[in-house]
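S.K.: Sharing a structure below in structure tokens format, with a few things to ask.
The values are calculated or read from the model by the stated rules, or taken from the named source; none is laboratory data. Being a predicted model, the structure only gives us computed values, none of them experimental. Note: ideal-geometry Cβ built from the backbone for every residue, glycine included; neighbour counts use all protein chains shown.
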Amino acid sequence: MSTVRAMTEADVEAVSEIRVNGWKAAYAGIVPQSYLDRMTVEADAHRRRQYFTKPDKATVDLVAVDARGGVAGWACLGPSPTAAGELCALYVQPSLIGSGIGRTLLHAVHASALARGFGSVLLWVLTDNTRARRFYERAGYAADGAVQADDYDGVSITEVRYRLTL
């Protein structure tokens, strides 16, 4: 069983490890391997620490912790340009996927979005990330027709936007 709390600066290293390992596990075969191979926990933690300590940060970072206090998952919620909340990230330690941590984090994100006055939450997911798409669809999200593409080492990868009305 995990609990969710606000992320602290002391969590940055653990969150970066979860994010980098999550990318490498979830996006293998989708994002070019050359891009994934260049990702490091150290570089991610450096960027995350710089952003996390900004006084005007508009996002809410939440971590799921296990009974021993170890970080097992991370989610980030911020405002979207459409006045909805945007789930910017949700990652669970790959070995713990399927244990309920993702659902626990997602429920906490929804509560945080409501507390911030958002009536809906948006998120972007890689089109080919079928595991994540199923996870969000089971939670009530639906693709709303918006699509965008990002470039990863010269490869254009499409994302679809999902929306949930709270």
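S.K.: Identify, please: which residue in segment 61-76 is part of a strand (DSSP E or B) and among the small types (Gly, Ala, Ser) and is, among those, surrounded by the fewest Cβ atoms within 10 Å (Cβ to Cβ)? Explain how you work it out, then say what you get.
M.R.: Our first condition is that a residue be part of a strand (DSSP E or B); within segment 61-76, this holds for 61-65, 71-76.
Those left that are additionally among the small types (Gly, Ala, Ser): 64, 72-73, 75.
Details: Ala64: 28, Ala72: 22, Gly73: 28, Ala75: 26.
My answer is Ala72.
S.K.: Right, next: Are any residues in segment 25-46 free of Cβ contacts under 8 Å to residues at least 24 places away in the same chain and either under 16 Å from the mean Cα position of the chain (by Cα) or surrounded by 16 or more Cβ atoms within 10 Å (Cβ to Cβ) (or both), and if so, which ones?
M.R.: Scanning segment 25-46 gives Leu36, Met39.
S.K.: Something else about it: Considering only segment 91-108, how many residues are crowded, with 18+ Cβ neighbours inside 10 Å, in contact (Cβ under 8 Å) with a residue 40 or more places away in the chain and either under 12 Å from Leu164 (Cα atoms) or of a type outside the set (A, V, I, L, M) (or both)?
M.R.: Qualifying residue count, segment 91-108: 3.
S.K.: In addition: When segment 103-138 is examined, which residues are found to be part of a loop (DSSP other than H, G, I, E, B) and more than 15 Å from the chain's Cα centre (by Cα)?
M.R.: Filtering segment 103-138 down to residues part of a loop (DSSP other than H, G, I, E, B) leaves 116-119, 127-129.
Matches in segment 103-138: Arg116, Gly117, Phe118, Gly119, Thr127, Asp128.
S.K.: Just to be sure, is Ala113 under 25 Å from Gly29 (Cβ atoms) and either surrounded by 19 or more Cβ atoms within 10 Å (Cβ to Cβ) or in contact with a helix residue (DSSP H, G or I) (Cβ under 8 Å, 6 or more places away or on another chain) (or both)?
M.R.: On the way: under 25 Å from Gly29 (Cβ atoms): no; either surrounded by 19 or more Cβ atoms within 10 Å (Cβ to Cβ) or in contact with a helix residue (DSSP H, G or I) (Cβ under 8 Å, 6 or more places away or on another chain) (or both): yes.
Against the criterion (under 25 Å from Gly29 (Cβ atoms) and either surrounded by 19 or more Cβ atoms within 10 Å (Cβ to Cβ) or in contact with a helix residue (DSSP H, G or I) (Cβ under 8 Å, 6 or more places away or on another chain) (or both)), Ala113 does not qualify.
S.K.: Spot the failing condition for Ser99; the list is (1) in a loop (DSSP other than H, G, I, E, B); (2) more than 22 Å from Val20 (Cα to Cα), and only one is missed.
M.R.: (2)
S.K.: Residues being β-branched (Val, Ile, Thr) and in a loop (DSSP other than H, G, I, E, B): count how many of those fall in segment 1-50.
M.R.: Going residue by residue through segment 1-50, those that are β-branched (Val, Ile, Thr) are 3-4, 8, 12, 15, 18, 20, 30-31, 40-41.
When the remaining residues are screened for being in a loop (DSSP other than H, G, I, E, B), the result is 8, 30, 40.
So the answer is 3.
S.K.: If you don't mind, another one. Given the residues Asp61, Asp56, which is the only one that is at pLDDT below 95 and among the charged types (D, E, K, R)?
M.R.: Numbers: Asp61 fails: at pLDDT below 95.
Exactly one residue qualifies, and that residue is Asp56.
S.K.: Identify the residue in segment 47-74 that is under 19 Å from Trp124 (Cα atoms) and free of Cβ contacts under 8 Å to residues at least 40 places away in the same chain and, among all such residues, is farthest from the chain's Cα centre (by Cα). Don't jump to the end; show me each part of the working.
M.R.: At the first step, the residues of segment 47-74 found to be under 19 Å from Trp124 (Cα atoms) are 58-62, 73-74.
Still in the list and also free of Cβ contacts under 8 Å to residues at least 40 places away in the same chain: 58-59.
Working: Ala58: 15, Thr59: 12 Å.
Ranking the candidates gives Ala58 first.
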